[in-house]
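The next block holds one structure in the form of structure tokens; read it before the comments.
Since every read-out is calculated from the coordinates, none of them should be taken as a lab result. From a predicted model like this one, the values you see are computed outputs, not experimental measurements. FYI the Cβ positions are ideal-geometry reconstructions off the backbone, even for glycines, and counts take in every protein chain you see.
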Amino acid sequence: MSTEEPSNPAVRMLVAAINSGDRDGFLATLTPDATLTDDGNPRSLSDWIDREVFSAHGHLTIECEEEHGLRLLARYRNDTRGEMSTYWRFRVTGNKISRIETGQA
């Protein structure tokens, strides 16, 4: 299992924010109009991160990356759902993340 940081700087900052419980740091990585899908379903980004990440102490352990850090396979765990294999796909616009797609792998 790899614990390397993603090679894309914006994604690296987002993962660090998740793992350190830094909601403001997470939001700072995003464009103002960033979107999120979970298992293919559009979600309210702010509601989702509060429920699935920050209030539930989410943590990502990267297993592998593709496309220079824009696609991750990771073990994700939180206090609500336990640990699972997940995928994370990102669209970066400029130096900010404009789209996150995540779900069970």
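Key figures for this structure:
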item	result
Relative contact order %, the range 9-104, counting alpha carbon pairs below 8 Å whose residues are six or more apart	30
Cut-off 11 Å between beta-carbons: net charge of the residues surrounding Thr93, Lys and Arg +1, Asp and Glu -1	+2
Computed log₁₀ I(q)/I(0) - Debye formula, equal Cα scatterers, no solvent, the chain, q 0.09, 0.12 Å⁻¹	-0.18, -0.33
Packing rank of 38-50, 81-93, where each peptide gets the mean count of other beta carbons within 10 Å, highest leading	81-93, 38-50
Computed magnitude of the charge dipole of the chain (debye, nearest 20; Cβ of K, R +1, Cβ of D, E -1)	140
Environment charge at Asp22 (Cβ cut-off 14 Å; Lys +1, Arg +1, Asp -1, Glu -1)	0
Length gained when the stretch Lys96-Asp47 is fully extended (0.36 nm per residue, less Cα-Cα span)	15.7 nm
